[in-house]
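Notes to accompany the following structure.
The values are calculated or read from the model by the stated rules, or taken from the named source; none is laboratory data. Predicted, not measured: the structure shown is a model, and the values here were computed from it. So basically every Cβ, Gly included, is an ideal-geometry build from the backbone, and we count neighbours across all protein chains shown.
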């Protein structure tokens, strides 16, 4: 068993599946990964590896690392559909990967950053900022923030957002990858319509450190692609102008990959979104 192979493949999957604001894959940007983000990714990979070591017999450590990234970020593939694993291992590894939550990459200051960071990593970033004398510039901003966290203007420490978990009902949802969503905290797997009803707020994806609002423009671009290629054979590489919209729809569970690895299909959530935001096209 090799933690090095696992971690290397985990990072490669992250760069391969993440894009910048223009839709360009990060593995083509050749931008360095920020020190705190690299540290966080290594910590997550080591944590998963140490706790699940041996559970993926039948596939390589590198393959397991690649699947860990896809699974935890709801990319429509993961341990749960890996043919080389027994059904029981598929379920247990998938559930464990999802328990880590999503980790999103983005470009900032010429480097690749990730969010959210652990308390330890966040403290390291803040100390570095103060050491470089950037505190005054941050305080002058209308909304001081770094790496996706809003900051207290005086202390430059993250403002932690809290949720009243004592309230009845679900307060969050994670995309499963097949157009359905696992509700938090109930664990129910529901379709897009039921997800929206329970949360009673607009759908949000996971395309950036603060989330990505699905807009009418995103749906317009998705509709144009569906009309051009059909709902079951959407290309996974599109013109640059369409790429950010396709990425947001993908991360929100409106489209999912086909088995050929080259095309995507419209999910039930995607069909519902288009039907409720204009004329049906299929």
(message) Just to be sure before I move on: is residue 208 assigned to a loop (DSSP other than H, G, I, E, B), farther than 20 Å from residue 272 by Cβ, within 19 Å of the chain's Cα centre (by Cα) and at pLDDT below 75 in the structure I sent?
(response) yes
(request) Only residues that are touching a strand residue (DSSP E or B) at 6+ places or on another chain (Cβ under 9 Å) and closer than 11 Å to residue 105 by Cβ: list them for region 17-37, please. (result) 17, 18, 19, 20, 25, 26, 29, 31, 33, 34, 37
(message) For region 93-143: of the residues being part of a helix (DSSP H, G or I) and at pLDDT 85 or above, which is nearest to the chain's Cα centre (by Cα)?
(response) 98
(request) Could you grab me the full set of residues in region 225-246 that are modelled with pLDDT under 75 and touching a helix residue (DSSP H, G or I) at 6+ places or on another chain (Cβ under 9 Å)? (result) 236, 237, 238, 241, 242, 244, 245
(request) Filter region 16-40 down to residues that are surrounded by fewer than 19 Cβ atoms within 10 Å (Cβ to Cβ), in contact (Cβ under 8 Å) with a residue 40 or more places away in the chain and under 22 Å from residue 250 (Cβ atoms), then give me how many there are. (result) 7
(request) Would you point out which residue out of 74, 54 is assigned to a loop (DSSP other than H, G, I, E, B), out of contact with any helix residue (DSSP H, G or I) (no Cβ under 6 Å at 6 or more places or on another chain) and more than 27 Å from residue 218 (Cβ to Cβ)? (result) 54
(request) Could you check how many residues of region 175-186 are within 30 Å of residue 113 (Cα to Cα) and at pLDDT 70 or above? (result) 6
(request) With the checklist (1) touching a residue at least 60 places away in the same chain (Cβ under 8 Å); (2) buried (at least 20 other Cβ atoms within 10 Å of the Cβ) in hand, flag the one item residue 93 doesn't pass. (result) (1)
